[in-house]
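For reference, the structure is listed below as structure tokens.
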Amino acid sequence: MNVAVIGTGYVGLVVGSCFAESGNDVICVDNDKDKIANLTNGFIPIYEPGLSDLIDRNVRDQRLTFTTNLPEAVRRSTVVFIAVGTPTTPSGAADLSAVYSVASAIGKAMNDYKVVVTKSTVPVGTTENVRDLVQKETTQDFDVVSNPEFLKQGAAVDDFMRPDRIILGYKNPRAAEILHELYAPFLRTGSPILRADIRTAEMVKYAANSFLAARISFMNEISNLCEAVGADVDVVRRGLAADSRIGPAFLFPGVGYGGSCFPKDTRALIETGRAHSTPMTILEAVDSVNSGQALRFVDRIVRHFGGSVEGKRFGVWGLAFKPRTNDMRDAPATRIIEALLSKGATVSAYDPEAMEEGKRIFKSRIEFAPTNYESLVDADALLLVTEWQAFQNPNFQKMKDVMRTPVIFDGRNIYDADHLISLGFTYYGIGRK
């Protein structure tokens with residue numbers, strides 16, 4: 001099948017390369033000429049395990065191409081995916097300007113029947129608006145489908161190849177059958193296709209992400225209470241995880257969630273509720289807890305140093321919002337570092353993949369160490385913010401030798417407190433005694 005994917009961010013590149021891997025001819029489109037030139041030359045602008053090999057192979061086999069020519073890509077394709085960004089506006093609503101601009105451009109380029117698919121995460125009603133915008137620009141027959149993505153950064157390729165489910169929101173069964181055929185190679189393990197009306201499909205994505213965000217904020221509140229009453233949140237977490245009604249996923253307390261989905265989607269759903277006079281009270285609390293979690297971590301650091309971190313030096317391990325990605329959108333590390341800088345501290349940071357993104361954000365305001373150990377030279381404390389595998393079992397004696405004071409603030413509870421204390425460290429976790 002001939003497929004166009006408009007937008008070459010996390011979603012667009014994974015969608016395009018995975019469809020090409022299953023034998024389709026895919027054209028990925030972006031209006032950023034430099035990005036397209038880099039992709040054509042084999043430079044992948046994001047870190048996502050397995051993606052680079054996938055792109056290289058399918059470009060070599062001529063199933064995957066990159067272009068800035070949107071009209072030509074639309075004309076050559078039967079299915080056109082819209083996978084552009086929908087960032088958060090100051091009010092919390094999703095910025096749909098790119099989606100709507102692409103919809104109009106698709107309409108102008110139509111030369112025969114197309115299935116136009118919203119893959120971007122969009123509020124309820126957006127796909128219908130896309131249909132109206134396309135209709136204004138063409139007399140050609142077409143259908144629209146809502147097909148939200150469920151890709152975890154750091155595992156996006158595997159999520160696409162082996163999905164839990166595929167959601168199709170449509171009006172015309174003809175369009176659903178075309179999408180079913182396109183997705184057939186990914187359904188061999190029995191993953192279901194769930195068919196629904198367009199608005200329900202749009203709601204599924206927001207409901208899923210908001211529910212997972214709620215679990216994280218719930219555990220962070222429980223961890224805060226554990227600290228106050230002298231309980232151990234790790235035992236509490238394991239007690240909850242053992243309950244078959246709850247399970248273990250998304251129950252790890254920490255410095256808050258970040259990335260391109262949870263913060264944006266919870267705020268967008270809150271704003272959708274306001275627009276329809278239906279307050280999303282629980283989600284407002286979820287967002288509030290998350291916004292405060294990183295600053296609460298900073299407050300604990302300040303208290304340890306007697307109320308001031310002026311002149312203190314901190315080594316920060318982890319800049320990306322989670323392991324296995326270089327994405328720093330809404331990353332807790334950003335909020336933590338900004339707060340420390342505002343209080344007169346200095347920071348030396350290290351991340352296995354997000355250093356370039358960190359330099360783009362902080363420029364010369366912080367130091368960027370070539371290794372995690374070098375970030376700790378003369379440090380007054382280590383702040384563990386992102387739980388990369390490389391940080392799980394470091395050489396603690398080597399750390400202690402180079403630090404000014406052996407203090408660890410473990411923002412992800414990955415270390416054994418008793419072991420570190422026995423080595424002479426002062427240790428602070430999240431929700432631990």
Per the filter on the stretch 396-420, residues hydrophobic (A, V, I, L, M, F, W, C), free of Cβ contacts under 8 Å to residues at least 40 places away in the same chain and outside any loop (DSSP other than H, G, I, E, B) are Phe396, Met399, Val402, Ile408, Ala417, Leu420
Conditions: (1) surrounded by fewer than 20 Cβ atoms within 10 Å (Cβ to Cβ); (2) at pLDDT 95 or above; (3) farther than 20 Å from Leu319 by Cα. Pro406 meets all but one. Number of the miss?
(1)
Between a residue in the stretch 24-47 that is more than 21 Å from Phe81 (Cα to Cα) and any residue that is outside any loop (DSSP other than H, G, I, E, B) and among the β-branched types (Val, Ile, Thr), which pairs come within a Cβ distance under 9 Å, given they are 6 or more apart or on different chains?
Gly42/Ile55; Gly42/Val59
Members of the stretch 357-392 found to be in a helix (DSSP H, G or I), among the charged types (D, E, K, R) and buried (at least 18 other Cβ atoms within 10 Å of the Cβ), listed by number
Glu357
Being in the same structural domain as Pro123 (by TED's automatic domain parsing) and over 29 Å from Trp388 (Cα atoms): is that true of Leu64 here?
yes
Complete set of residues in the stretch 182-204 that are of a type in the set (D, E, K, R) and either surrounded by 14 or more Cβ atoms within 10 Å (Cβ to Cβ) or on the phi > 0 side of the Ramachandran plot (or both):
Arg195, Arg199, Glu202
Go through the stretch 223-263 and report how many residues are over 25 Å from Tyr428 (Cα atoms) and β-branched (Val, Ile, Thr).
1
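Arg324 - would you say it is modelled with pLDDT under 95, in a loop (DSSP other than H, G, I, E, B) and outside the structural domain of Gly50 (by TED's automatic domain parsing)? Can you show your working first?
Values: modelled with pLDDT under 95: yes; in a loop (DSSP other than H, G, I, E, B): yes; outside the structural domain of Gly50 (by TED's automatic domain parsing): yes.
The answer is yes for Arg324.
The values are calculated or read from the model by the stated rules, or taken from the named source; none is laboratory data. Model, not experiment: these values are computed from the prediction. Heads up, the Cβs are rebuilt from the backbone with ideal geometry, glycines too, and the neighbour counts pull from every protein chain shown.
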